[in-house]
Amino acid sequence: MKKIILALDVHDFKKAQDLVKKTSQYIDVYKVGPILFLQSGREIIKMIKDNGKEVFLDLKFHDIPATVKRSVESARELGIFSLTVHSIGGEEMLKAGSSVENRPKIWAVTVLTSQITTPEEVLRRVKLAKSCGIDGVIASPLEISIIKKSCGTDFNVVTPGIRPLKVEDDQKRVATPEFAVKAGADFIVVGRPIIEAQNPDEIAKNIYESVEVKS
Ligand code: C5P
C-alpha cells in the first residue's frame, strides 16, 4: 500500500472528486474530515470507494465512552479503513472504542501538530492508547522514531505536519515527507501542499517519488 494519505479538506464534492481522479495513481487512502463530511457525508465515502480507494474518517471522536463506542459502530457500517479518536478522552473512552468488533482501524490523536508540546507528553498518550487496544497514533514527524522504538513496528504511526517546502502556517511540528518516512512513518498525511497546488497531480507525484523509492 502507498504511504501518502491525502487530506480532502475542501468544501465541495466536485472538488474532492476531481482531486481523487487527479491523484489516484499516487494515493490509496483519502482522509475525510469534518469539512467534507458535513457537506457530503455518505456520498463522499461512496465516491472514494467507487474509485477503488480506502477512506480514513478523521472526526477525532472525544466523548463519553458509550457515545464513542456507538460512533465507532456507526462508522463500521460505512466500510471505512480507519478513523480517529482523541487520546485526551482517557482510558475508559479508548477502551470503549477499541472494544467494537470487526471495526475499522482506530488511530488516536496524541497532540495536534499545530500545538507545541514535548516528546514525553506525546509518548505518555501513545502508551495509554496502546494499552487500550488502539491500533496506532497520529503524531508529528518529530516523534515517530521514539514511538516506533517504544511500541514496535506493528503499532501504526500516522504523521501530519508534512511540508515538502518551508511555509508559515498553523502547523508547528513539521518535517519533509522524506524525513517522516525515513523515521518510520507508516503513513504521511498531506493536505494543503497538494490540494492548494496549481497542479495537485504533479505535487502528489513528486512526494510519491520522494518517499516510495526510499521505503
Ligand atoms: O493541510 P495539512 O497538510 O496541514 O493537513 C493536515 C491534515 O491532518 C488536516 O486535515 C488536519 O486536520 C489533520 N491533522 C493534523 N494534526 C493532527 C491530526 C490531524 O494536522 N494531530
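Phi-derived couplings, Karplus 6.51 cos²θ - 1.76 cosθ + 1.60 at θ = phi - 60°, listed residue by residue for the stretch 199-206: 10, x, 5, 5, 5, 4, 5, 4 Hz, with x used for Gly and Pro. Each other residue within a Cβ distance under 15 Å of LEU123 adds +1 if Lys or Arg and -1 if Asp or Glu, for a net charge of +4. Residue order for LYS46, LYS148, fewest other beta carbons within 10 angstrom first, comes to LYS46, LYS148. The stretch between THR118 and LYS95, if pulled fully straight at 0.36 nm per residue, gains 5.8 nm over its current Cα-Cα span. The calculated FRET efficiency for ASP18 paired with LYS46, based on their beta-carbon distance and R0 = 25 Å, is about 0.95. Comparing LYS49, LYS149, LYS130 in a Gaussian network model of the chain (Cα springs below 10 Å), the most mobile by mean-square fluctuation is LYS149. Comparing LEU36, LEU83, SER131 along the charge dipole axis of the stretch 4-213, the residue lying farthest to the positive side is SER131, per the Cβ-charge model. Across the stretch 145-158, coupling constants 3J(HN,Hα) worked out from phi with the 6.51/-1.76/1.60 Karplus curve, θ = phi - 60°, read 5, 5, 5, 4, 5, 7, 10, x, 6, 6, 7, 5, 10, 10 Hz, and Gly and Pro carry x. Of the three principal axes defined by the Cα atoms of the stretch 6-68, the extents in descending order read 39, 20, 17 Å. Ordered by the number of other Cβ atoms lying within 10 Å of each residue's own Cβ, fewest first, ILE64, ILE144 fall into the sequence ILE64, ILE144. By the count of other C-beta atoms within 10 Å, a proxy for reagent exposure, SER71, SER210, SER140 are ordered fewest to most as SER210, SER71, SER140. Applied to the stretch 126-136, the Karplus parametrisation 6.51 cos²θ - 1.76 cosθ + 1.60 on θ = phi - 60° returns per-residue 3J(HN,Hα) values of 4, 5, 4, 4, 5, 5, 9, x, 7, 7, x Hz, with x for Gly and Pro.
Other residues lying with their Cβ under 13 Å from the Cβ of VAL72 contribute a combined charge of +2, Lys and Arg counting +1, Asp and Glu -1.
Normalised by the number of residues in the chain, the mean separation of alpha-carbon contacts (under 8 Å, six or more apart) gives a relative contact order of 19 percent.
With contacts taken as Cα pairs under 8 Å and at least 6 residues apart, the stretch 1-58 reaches a relative contact order of 40 percent.
A short reminder: the numbers here are calculations on the coordinates, not readings from a lab. All figures in this text were calculated on a predicted structure; none of them were measured in a lab. So basically every Cβ, Gly included, is an ideal-geometry build from the backbone, and we count neighbours across all protein chains shown.
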